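The values are calculated or read from the model by the stated rules, or taken from the named source; none is laboratory data. In this text the structure is predicted, and so the values were computed from the model without any measurement. As a convention, Cβ positions derive from the backbone with ideal geometry for all residues, glycine included, and neighbour counts pool all protein chains shown.
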Amino acid sequence: MCKNLPVPADILTVTELNRQARLLLEQRFPLLWVSGEISNLTRAASGHVYFSLKDSQSQVRCVMFRSRAQILPWQLENGQQVEAQALVTLYEARGDFQLNVEGMRRSGVGRLYELFVRLREKLADEGLFDAARKRELPRFPRRIGIVTSPQAAALQDVIATLARRAPHVELIVYPTLVQGAAAPAAIVAALQTAARRNECDVLLIVRGGGSIEDLWAFNDEAVARAIVAQSAAHYATPPAPTICGIGHETDITIADYVADRRAATPTAAAELASAGWFAAAHELAGLAKSLRHAVQLQIESRMQAVDRLALRLLHPAKRLAANRQRLELLARRMHTAGRLTAQREVLTDLQLRLARARPALQPAHQRLDRLAGRLRQAMQGLTAVRRDRLTHCNSALAALSPAATLLRGYSITQDAAGRVVRDAAQLAAGDTLQLQFAVGGATAVVDLVKPGVSPTSPA
């Protein structure tokens, strides 16, 4: 019977168990490198990559999240031998043991990188990377050598760049292998040929991009020493300085360190070699533009001067016609001047006759003054008489005015229509009258009418 089994003190859920297992694995194993073959590769719509790493006896599930997969410089495929930098963990939802891959490289890259580092340190200790050993590039090379494969795309990039920037420069290609086991010896032979012939002003060593294995020929010690030998003292005339343009911008090889100059790409190497010509062409284009502008200004200035002179320039026939007109004008003025002389003599004679016939004005002035005095006295007398008469008329008019009559006690009577009442016969009992006095007025009602006799009627 099961009823007697002891009850555990602590019972874990599956979730808690998986969580503790995950934490234990992540604490026990740090970030590490795992080597194996990719299989069961799947790319999710989210961008995450799921696959297995396997060897001859075992396999382990792996996941590489999108943020890491996007920066991988090559395409993952089944069957690739790789070295994955991963964190050991457990996927809690399914309890699956897996690796979270943080980075990846192809198998053998780590070993190659170690070889690269050791060779770099060795050559650096020998002083082959020293800046003092490296030579200046010629500013205006007339012949450029190119050490590369005739089938390489890098050669076409270099040729196209130089054709655009310095088309007059002669190019000499020293063909060589740039990849594979035989490539280092071929590159050394091409460099030796270039040094022996010594026919170039600058030497380009170029190759397109690729993996570290593809570029490994340029990490070879013999190739590095052959590049250094380009500036060795045992040559009667030192060979051309070298520019190394291998791979892409992020690719750095031993050849880059020992060359006189490093370029990020083959195209950049061609640009560096032709920089002097390109700058001179730009400067020449600027000078040509300035010269054309200056010449244009001079031509325009001279054309304006010619236009002004053309306006001043007259045909001889026009000049003769102008002189003829001026001569005729002078002739008319001379004739007029002769007539004026005769008229001036006549005028002088008339002035003399006028002076002799001029009357004496003094007596007339005295008589005019006397008459003016008499006229003033007569006007003053007449004015006094007229003023006295005006005063008399004003007095009479004032005595006869209606206002003066009203002041003596009379009044003006008007009926309701505003007519002046002169006869009692105009009124009837009950009529309203308006009375105007010297000061103010009054309204009266007729009570009784007394007809009378007009003072102008006959007795």
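Taken as a whole, the structure leaves residue 172 outside the set of residues that are more than 27 Å from residue 140 (Cβ to Cβ) and not polar (S, T, N, Q). Scanning the range 117-141 for residues that are closer than 29 Å to residue 199 by Cβ and in a helix (DSSP H, G or I) returns 123, 131, 132, 133.
Hey, any hits in the range 155-166 for a residue that's polar (S, T, N, Q), at pLDDT below 90 and out of contact with any helix residue (DSSP H, G or I) (no Cβ under 7 Å at 6 or more places or on another chain)?
no
Residue by residue, here is whether (1) in a helix (DSSP H, G or I); (2) exposed (fewer than 14 other Cβ atoms within 10 Å of the Cβ); (3) touching a residue at least 12 places away in the same chain (Cβ under 8 Å) holds:
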| residue | (1), (2), (3) |
| --- | --- |
| 145 | no, no, yes |
| 155 | yes, no, yes |
| 159 | yes, no, yes |
| 167 | no, yes, no |
| 171 | no, no, yes |
| 179 | no, no, yes |
| 186 | yes, no, no |
| 190 | yes, no, yes |
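Condition first: in contact (Cβ under 8 Å) with a residue 60 or more places away in the chain, surrounded by 14 or more Cβ atoms within 10 Å (Cβ to Cβ), more than 30 Å from residue 254 (Cα to Cα) and not aromatic (Phe, Trp, Tyr). Can you find one or more residues in the range 26-34 that meet it? Yes; the residues of the range 26-34 include at least one that is in contact (Cβ under 8 Å) with a residue 60 or more places away in the chain, surrounded by 14 or more Cβ atoms within 10 Å (Cβ to Cβ), more than 30 Å from residue 254 (Cα to Cα) and not aromatic (Phe, Trp, Tyr). In the range 76-94, the residue that is farthest from residue 13 (Cα to Cα) out of those that are among the charged types (D, E, K, R) and surrounded by fewer than 18 Cβ atoms within 10 Å (Cβ to Cβ) is 77. Checking each residue in the range 429-448 for being surrounded by 10 or more Cβ atoms within 10 Å (Cβ to Cβ), among the small types (Gly, Ala, Ser) and assigned to a loop (DSSP other than H, G, I, E, B) picks out only 438. Kindly establish whether residue 205 is over 15 Å from residue 138 (Cβ atoms), surrounded by 18 or more Cβ atoms within 10 Å (Cβ to Cβ) and touching a residue at least 24 places away in the same chain (Cβ under 8 Å). Answer is yes for this residue. Of the listed requirements (1) part of a helix (DSSP H, G or I); (2) farther than 30 Å from residue 49 by Cβ, residue 112 misses just one: (2). Going through (1) of a type outside the set (Lys, Arg); (2) in contact with a strand residue (DSSP E or B) (Cβ under 6 Å, 6 or more places away or on another chain); (3) without any contact (Cβ under 8 Å) to a residue 24 or more places away in the chain one by one, residue 47 falls short only on (2).
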